[in-house]
Amino acid sequence: MSEHAPPEFGESERPGPDAGSEAEAQVESDAETPAVETGAGAVVAALERAGAETLFGVQGGAIMPVYDALYDSDLRHVTMAHEQGAAHAADAFGIVSGTPGVCLATSGPGATNLATGIADADMDSDPMVALTGQVPTEFVGNDAFQETDTTGLTAPITKTNYFAQSPDSVGDTVGEAFALAREGRPGPTLVDLPKDVTQAETTAGPGEPATPETHAPQIDADEEAVADAARTLERAEKPLILAGGGVVKGEASGELRTFAREYGVPVATSMPAVGCFPEDDDLAMEMIGMHGTGYANMAVTHCDVLLAVGTRFDDRLTGGVETFAPEAEVVHADIDPAEISKNVHADVALVGDAATVLDQLDAEVAHEPDCQEWREQCRQWKDEYAMDYRTPDDEPLKPQFVVEAFDEATDDDAIVTTGVGQHQMWAVQYWTFREPRTWVSSHGLGTMGYGLPAAIGAKVAAPDREVVTFEGDGSFLMTIQELAVAVRENLDITVAVLNNEYVGMVRQWQDAFYDGRHSASEYSWCPEFETVAAALAHDGPSVVDFRIDPQANVYPMVPSGGANGEFALSEDQL
Amino acid sequence: MTGGLPGPAPEDRPQPDGRRNPQGERIDARGKADPETRTAVVSALVEHEPGVLAKVSGLFSRRQFNIESLTVGPTTVDGHARITLVVEETDAGIEQVKKQVGKLVPVIAVGELADDAVRAELVLLKVRGDEPDKVHAITRMYEGQTLDAGPRTITVQITGDQQKIDDAVDAFRQFGIVEIARTGQTALARGDTPTTPGESPAASAESTAERPESEANRTESATNRTTTEATRPQPTDND
Ligand SMILES: Cc1ncc(C[n+]2csc(CCOP(=O)(O)OP(=O)(O)O)c2C)c(N)n1
Ligand SMILES: [Mg+2]
């Protein structure tokens with residue numbers, strides 16, 4: 001797996017999900033089952049055995065036995081200010097490291113506070129394990145103090161969840177949850193831990209983490225389908241690759257680069273995939289979709305073959321499905337068969353692991369498609385629809401400029417995290433991403449407040465890399481308390497607040513679609529973020545408040561449900 | 001407002017003529033503008049554990065799958081249950097149902113039943129008891145049973161396929177139906193065909209702890225865990 005990603009970022013030491021579990025299985029099949037005394041001890045031993053590194057959480061009554069067991073463990077635990085922060089930190093930890101981040105919370109409000117972060121991880125297929133305390137089994141169903149139906153609540157937002165039944169099996173359950181979170185298409189799993197189960201005595205240590213055999217993912221794509229896909233690509237005149245988040249999660253960036261360059265196929269990405277293909281490459285068309293580049297949206301609208309790898313064709317990416325790649329034969333590779341033909345029909349379906357399927361295709365495709373003209377056309381679109389914002393001297397500071405300045409001032413492997421709003425879009429548009437796992441954002445759920453706790457998780461996962469967070473003045477306030485955590489942990493992260501004193505993205509939509517009626521989108525007063533930072537942030541984090549042009553809008557823009565090819569470049573085009 | 005970018009306006013750009021239907025199929029190549037729905041019977045073999053039914057039914061509501069009925073009951077294997085789902089969807093929708101149900105971790109295998117599958121449903125009908133002889137005659141006609149006969153009401157049970165039950169209910173209307181309870185369809189594949197892929201009826205009756213799949217077809221069921229027919233998502237049949 002070492003060739004999947006550039007070695008300078010340590011990917012070679014950090015094996016991909018498959019290699020990792022194999023390697024661990026090798027080592028650990030010989031290892032003795034760890035000795036434990038309680039259910040909680042089994043939980044902690046299971047985390048250790050599964051390869052967990054760091055936990056993010058908040059204490060509380062029902063989870064106390066687990067925390068007590070952690071007291072003797074070498075696992076690092078970061079106490080967060082709020083459980084939502086714990087979930088986002090664990091999520092970002094998983095994105096940056098490829099190893100599931102773990103978050104812990106007590107029952108009731110602890111679990112419900114986690115829910116937003118779990119849903120976020122679920123939408124973005126990020127590996128994460130959530131452990132929640134629960135009232136003792138005999139009280140379940142009685143509306144006991146701090147009881148919520150956590151497995152019921154989180155069933156729709158987890159890959160799967162478990163209600164721990166007994167101290168003897170809880171270790172294995174946690175091991176399975178961890179293994180499942182990273183296997184195949186990653187996602188969050190949750191184990192609800194009734195206090196009697198964690199408190200009870202047991203000597204049943206966790207076995208080797210295992211996932212149900214009935215759910216083993218398919219790794220190699222069907223050979224006939226691969227041949228079909230290869231013939232389709234060979235005869236393409238206007239081919240385009242659409243790389244999705246699965247390329248990052250499957251450690252397939254190396255295979256993608258090799259394949260695209262070998263056959264001269266332009267590459268566009270979804271938002272979660274940003275970084276898997278260097279954005280300064282000649283073949284890079286960058287991001288497709290609502291706020292994607294004009295050239296990416298032109299390319300996807302006019303391509304005749306679309307090779308989509310590890311993407312779920314989210315509606316913010318496709319725009320109206322009627323006009324999405326309307327003339328393209330779609331070759332769709334995904335490790336999750338349920339994504340095939342869910343939103344966009346696949347003419348050729350390749351169920352398998354992204355890196356493996358790209359290797360299979362590479363071996364099968366006999367010659368480069370005859371697409372010189374198309375590449376030329378794509379290049380022309382890149383000129384025509386260049387992302388050149390204007391900077392007249394008499395206008396206020398441009399957010400795009402702030403993003404570019406940070407990009408220039410930081411290393412190539414710096415990690416960017418964001419909140420949600422206009423600032424998020426400027427960050428993705430104007431930072432030049434070159435490597436996978438450098439872009440950390442809330443894509444599918446679009447959770448305001450994601451940026452700061454995500455920066456904490458990212459910095460913990462990669463202490464040697466720079467971490468920059470772009471936050472909005474609204475979004476930052478949702479989780480600003482986590483600054484205290486960055487101080488306690490002495491995490492050197494930089495928060496750049498792109499402050500427009502607006503719920504900017506909403507204001508932009510109101511101007512475009514609601515006659516400029518600014519209902520609940522103008523802030524009559526904004527905190528002095530620098531003063532807040534002085535109180536909350538000493539050593540470690542720094543906060544910079546940028547008063548940006550309050551009237552700045554994000555373009556290009558495809559209105560929801562609109563045609564990607566009809567993106568607006570200014571307000572009068574909407 | 002600021003932030004506008006250079007480049008030709010939408011009306012000055014070339015736009016392709018092609019279109020997709022709401023299912024994401026190119027209309028010219030394969031998809032109809034408005035594909036029809038059909039009824040399918042989907043059987044799922046599941047781990048009989050707390051919450052599994054909630055997970056399956058929750059999936060149907062949150063994905064807006066049209067479900068006509070859902071039945072659940074134990075199998076010959078301890079710890080396994082069979083859920084039978086009747087759904088009304090387009091072909092693409094039925095594929096989605098099978099794959100999404102198959103993804104649920106407590107689900108062991110999923111299959112769509114062929115048209116010739118054995119299906120049955122049970123109905124309990126409570127009718128007015130004014131004409132007991134006639135009620136008994138109709139009950140016999142539908143090979144039903146009388147479960148309770150009182151001075152004011154008679155309760156009968158009819159089993160059979162959906163059509164037979166519908167007909168029976170119609171026939172009993174003349175007496176005045178007081179209450180009705182229907183179970184929804186349950187079904188098994190005909191003959192030696194396993195109801196869900198990899199399921200081996202004979203073996204599962206013997207082994208109580210093991211999963212019913214043999215080693216050989218386990219891979220089959222893990223990758224192709226969706227239907228009894230060819231299950232891997234099929235390339236389009238353009239011809
Ligand atoms: C938790 C949550 N609540 C509400 C929204 C809806 N929403 C999307 S963007 C946005 C505005 C964000 O304002 P700000 O953080 O200042 O960012 P800006 O758009 O101004 O850059 C809102 C309210 C959301 N995405 N998430
Ligand atoms: Mg703002």
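The values are calculated or read from the model by the stated rules, or taken from the named source; none is laboratory data. Fair warning: this is a prediction, and the values are worked out from it, not measured in the lab. When we count neighbours, we look across all protein chains shown, and the Cβ atoms used for this are built from the backbone with ideal geometry, even at glycine. Quick note on the areas: whole protein, heavy atoms, side chains included, nothing else; ligands and nucleic acids left out. Shrake-Rupley method; radii C 1.70, N 1.55, O 1.52, S 1.80 Å.
Evaluated with a Cβ-only charge set (Lys, Arg +1; Asp, Glu -1), chain A carries a dipole of roughly 1220 debye about its Cα centre, given to the nearest 20. If r is the Cβ-Cβ distance from B:THR39 to B:GLU179 and R0 is 30 Å, what FRET efficiency results, to the nearest 0.05? My answer for the efficiency is 0.70.
Take each residue of peptide A:296-303, count the partner chain Cβ atoms within 10 Å of its Cβ, and average: the result is 2. The length gained by stretching the chain between A:ASP315 and A:GLU37 to full extension, at 0.36 nm per residue less their Cα-Cα distance, is 95.1 nm. With R₀ set to 30 Å, the beta-carbon distance separating B:ASP78 from B:VAL118 gives a calculated FRET efficiency near 0.80.
For the protein assembly as shown, the ratio of Cα radius of gyration to the globular rule of thumb 2.2 N^0.38 Å stands at 1.02. Taking amide H atoms as placed 1.01 Å from N in the peptide plane, the amide H of A:THR202 lies under 5 Å from those of A:THR38, A:GLY39, each 5 or more residues away in sequence or on another chain.
Database remark: amide H of A:LEU350 closer than 5 angstrom to the amide H of A:HIS332, A:ALA333, A:ASP334 (H placed geometrically; neighbours at sequence offset of 5 or more, or on other chains; Pro and chain starts carry no H).
In this Cβ point-charge picture (+1 for Lys and Arg, -1 for Asp and Glu), region A:223-384 has a dipole of about 400 debye about its Cα centre.
Close amide H partners of A:VAL102, meaning residues 5 or more places away or on another chain with modelled amide H under 5 Å apart, are A:THR54, A:PHE56, A:VAL129.
Distance from the C-alpha centroid of region A:455-532 to that of region A:155-205: 34 Å, rounded to the whole angstrom. Show me, for region A:250-266, the HN-Hα J-couplings you get by feeding each phi into the Karplus relation (A = 6.51, B = -1.76, C = 1.60, θ = phi - 60°), rounded to Hz, glycine and proline as x. With coefficients 6.51, -1.76 and 1.60, one gets x, 6, 10, 4, x, 4, 4, 4, 4, 5, 4, 6, 4, 9, x, 9, x Hz. For the peptides A:61-70, A:388-397, the ranking by packing is A:61-70, A:388-397, with the highest mean count of neighbouring Cβ atoms within 10 Å listed first.
Look at the stretch A:320-331: the mean tally of other chain Cβ atoms within 10 Å of its residues' Cβ atoms is 5. Here is the tail figure for region A:19-199: Cα pairs spaced more than 26 Å apart come to 20 percent of all pairs. So, with a 1.4 angstrom probe, what is the percent of accessible area on chain A that is carbon and sulfur? That fraction is 47 percent.
Comparing Cα centroids, region B:58-108 and region A:220-277 end up 33 angstrom apart. DSSP beta bridges fully contained in region A:399-555 are about 5 percent antiparallel.
Across peptide A:338-351, the mean count of Cβ atoms from other chains lying within 10 Å of each residue's own Cβ comes to 6. Phi angles of region A:360-369 translate, via the Karplus equation with coefficients 6.51, -1.76, 1.60 and θ = phi - 60°, into HN-Hα couplings of 4, 5, 4, 6, 8, 5, 8, 8, 4, x Hz per residue; Gly and Pro are given as x. By the rule of a C-alpha distance below 15 Å, with chain neighbours fewer than 8 residues away ignored, the aspartates and glutamates paired with B:LYS99 are A:ASP334, A:ASP336, A:GLU339, B:GLU89, B:ASP91, B:GLU112, B:GLU220, B:GLU229. Karplus-derived 3J(HN,Hα) values for region A:130-138, using 6.51 cos²θ - 1.76 cosθ + 1.60 with θ = phi - 60°, are 10, 10, 10, x, 9, 4, x, 3, 5 Hz; glycine and proline are entered as x. Chain A and chain B together bury an accessible surface of about 4800 square angstrom, both sides counted, with a 1.4 Å probe and no ligands or nucleic acids included.
Solvent-accessible surface of the protein assembly as shown, averaged per residue with a 1.4 angstrom probe and all protein chains in place: 39 square angstrom. DSSP beta bridges confined to the protein assembly as shown are antiparallel in about 45 percent of cases. Pairs over the 24 Å Cα-Cα cut-off, from the set A:LYS249/B:LYS32; A:LYS195/B:LYS103; B:LYS55/B:LYS98; A:LYS249/A:LYS459: A:LYS249/B:LYS32; A:LYS195/B:LYS103.
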